[in-house]
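Presented below is the structure to which this report refers.
Read-outs throughout are calculated quantities, based only on the coordinates presented, and are distinct from any laboratory measurement. Note that this is a predicted model, so its numbers are computed, not measured. Methodologically, a virtual Cβ is constructed for each residue, glycine included, from the backbone with ideal geometry; neighbour enumeration extends over all protein chains shown.
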Amino acid sequence: SINEKCPNGVSIESWARNKRYSIISKEMNKNDILLTGHHMDDQVETFFLQILRGSGPRGLSCMPVIKKFENGFHVRPFLNIQRHELEEYVNVNNIKWQEDESNSDTRYDRNYLRHSVLPYFGVAWPSYCHSISKSINHQIESMTILNEIALEDMEKTLCKNLINLDVKILRRLSVARQKNLIFYWLDSLNLDKPGSKHMEQIVSTLINSGYDKCPCVNWKDTEIRKYRDHLYAFKSIQEHDENIEINWNTKSPLKIQGETLVAKESHGKGISKSIIEDARITIRYRHGGEKIYTNSSSHSKTVKQLFQENGVLPWLRDRIPLIYINEELAVIPGFCVDKKYSASKDEKSLDIYWSGYTKVIQ
């Protein structure tokens, strides 16, 4: 059972369903198959609920028979069988099942539809379940075509890293194909799909914004950002303590914000070992105004300027660890070492590697 309370403003049905699947997913091993007893009546209820939400072909395709789920698969083998047929089978075979007492609570949309609306359809149109099931199959066929188009568009629009989208190419598509591609792209990244309101914002605010703009559209725990005519989609970034200061003994790797800092023994590359002997080394984050002297310049540069020149994604700039030696900024791992601390040719040195480097640059 779930003992947590549903947050305010959140659909309790959706929240409880997500909680259930979250608990189940933790019990699944690789390639396990989750079987659920959803039947044709459930599918028809979903169809009506999607219509009431103003859904298009994607939503009206309802529940798939099989889909990827965590490390395995979620299979619904009874979607072409009506509830009364399953009930007859379990009764004949004396199979007991556990009835969720909340299923009779008509305060919930699905239950209201099931108990107070659909019985009237059954009186007027006895075969309505089978008819709507055919409509669902037509929607599935339509989605197959839309997905094939989206895949073709995505192959042309994806950047070299095969993750982000090139806005210049995206703009050549019709608005309908832009939306179709965005849905398909987000699905390929296992991210939440936007509703109509957020999709309109993506088209108007992100795709049609200027090169120098860096807008963001977010919903649930997903966000899409634009930077230098590329679109980036990801799980919303968790807040972090920007005032953190960590002492680091370079003899051991340091785990920080899910990434790793490693100081590797080297010669002529990185920090001079002789200069930093007995020095205090700390890790901090950018606050603004920091400066560093690079080997390629006779003048200092601000960290902000250095990040702009290297195409560092703006929303990640404050999450790049800065390495201080005795209160002076000495290293920005992956980018530069201050002249004062830089090792000369063939001098014993420490080359500092940060595992998050490739994730922060365009």
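Per-structure values
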{"read-out": "Of all DSSP beta bridges in the stretch 1-138, antiparallel share, percent nearest 5", "value": "50 percent"}
{"read-out": "Inter-label distance, nm, simple model (7 Å from Cα along the C-beta direction), L49/T358", "value": "4.1 nm"}
{"read-out": "Local electrostatic count, N147, Cβ distance below 14 Å [Lys/Arg +1, Asp/Glu -1]", "value": "-1"}
{"read-out": "q = 0.08, 0.14 Å⁻¹: log10 I(q)/I(0) that the Debye formula gives for the chain, counting C-alpha atoms only", "value": "-0.61, -1.22"}
{"read-out": "Calculated FRET efficiency for the pair V117/W15, C-beta based, R₀ 30 Å, to 0.05", "value": "0.80"}
{"read-out": "Burial order of peptide ranges 150-163, 242-255 (average beta-carbon count within 10 Å, highest first)", "value": "150-163, 242-255"}
{"read-out": "Intensity falloff of the stretch 1-139 expressed as log10 I(q)/I(0), Debye formula with alpha-carbon point scatterers, at q = 0.09, 0.16 Å⁻¹", "value": "-0.32, -1.08"}
{"read-out": "Cα lying deepest toward the dipole's positive end in the chain, options S344, G195, T46, charges on Cβ", "value": "S344"}
{"read-out": "Local net charge near Y120, Cβ-Cβ under 15 Å (Lys/Arg +1, Asp/Glu -1)", "value": "-1"}
{"read-out": "On Cα atoms only, tilt of 128-157 relative to the major axis of the chain in degrees", "value": "20 degrees"}
{"read-out": "Alpha-carbon centroid distance for the pair the stretch 204-218 / the stretch 259-315, whole angstrom", "value": "31 Å"}
{"read-out": "FRET efficiency, 1/(1 + (r/R0)^6) with R0 45 Å, evaluated for W97 and D241 via beta carbons", "value": "0.35"}
{"read-out": "Rounded to 10°, Cα long-axis angle of helix 83-92 versus longest principal axis of the chain", "value": "70 degrees"}
{"read-out": "Cα gyration tensor of the stretch 246-360 - equivalent ellipsoid semi-axes, whole Å, descending", "value": "20, 17, 13"}
{"read-out": "Principal-axis tilt of helix 40-52 within the chain, Cα atoms, nearest 10 degrees", "value": "70 degrees"}
{"read-out": "Efficiency of FRET between A124 and E148 - r from beta-carbon atoms, R0 51 angstrom, step 0.05", "value": "0.85"}
{"read-out": "Neighbourhood charge, 10 Å Cβ-Cβ cut-off, centred on K359 and excluding it, Lys, Arg +1 and Asp, Glu -1", "value": "0"}
{"read-out": "Largest-first principal axis extents, alpha carbons of the stretch 122-279, Å", "value": "87, 39, 28"}
{"read-out": "Gain in span if fully extended, D105 to R284, counting 0.36 nm per residue against the direct Cα distance", "value": "59.1 nm"}
